[in-house]
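The values are calculated or read from the model by the stated rules, or taken from the named source; none is laboratory data. Just so it is clear, the structure is predicted and the values come from calculations on it, not from any experiment. Here Cβ is always computed from backbone atoms with ideal geometry, including for glycine, and neighbour counts include all displayed protein chains. Protein only, heavy atoms only, side chains kept; ligands, DNA and RNA dropped before computing areas. Shrake-Rupley method; radii C 1.70, N 1.55, O 1.52, S 1.80 Å.
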Amino acid sequence: MCEGNKVRNTKYCKNSINNHWPAALQTDNSEIVAISSRNLKTAEKFASKLGIKKAYGSYDELLNNPDIDAIINPLPISMHHEWTIKAAEAGKHIKEKVIYDKQT
């Protein structure tokens, strides 16, 4: 499923770019290959702004793509549980929020 040493991630998106994006876009061992929203225009807008190649107009459509290895789910709590379970049922790895330990 992985391409070389990179995990092909995707993100659900609601209506804004949140604080998960900078870290997700700057990793060496994974890449964001798609974004999805309940509205295709919203997904396309953020995909264009962030340089993400593929946009989906539904979360189900994204989960049905066999080329997606993992999802990052920044959806609100009211939607988080449902779509995390659906991603797991679709065989996707779930990447949760990173805990940053500032040890320098």
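Values for this structure:
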{"read-out": "Set Ser78, Ser48, Ser58: member being of a type in the set (Ser, Thr, Tyr), out of contact with any Cys (no Cβ under 7 Å at 6 or more places or on another chain), open to solvent by 80 Å² or more (accessible area, probe 1.4 Å) and at pLDDT 90 or above", "value": "Ser48"}
{"read-out": "Hits in the range 85-104 - residues which are part of a loop (DSSP other than H, G, I, E, B), at pLDDT below 90 and not aromatic (Phe, Trp, Tyr)", "value": "Glu96, Lys97, Val98, Ile99, Asp101, Lys102, Gln103, Thr104"}
{"read-out": "When residues of the range 29-41 are limited to those that are over 20 Å from Thr84 (Cβ atoms) and touching a residue at least 24 places away in the same chain (Cβ under 8 Å), the one most open to solvent (accessible area, probe 1.4 Å)", "value": "Asn29"}
{"read-out": "Some residue of the range 17-25 being touching a strand residue (DSSP E or B) at 6+ places or on another chain (Cβ under 9 Å), open to solvent by 40 Å² or more (accessible area, probe 1.4 Å) and at pLDDT 60 or above", "value": "yes"}
{"read-out": "Leading residue by the ranking (surrounded by the fewest Cβ atoms within 10 Å (Cβ to Cβ)) among those in the range 65-75 that are in contact with a strand residue (DSSP E or B) (Cβ under 9 Å, 6 or more places away or on another chain) and part of a loop (DSSP other than H, G, I, E, B)", "value": "Asp67"}
{"read-out": "Any chance Ile94 is surrounded by fewer than 14 Cβ atoms within 10 Å (Cβ to Cβ) and within 11 Å of the chain's Cα centre (by Cα)", "value": "yes"}
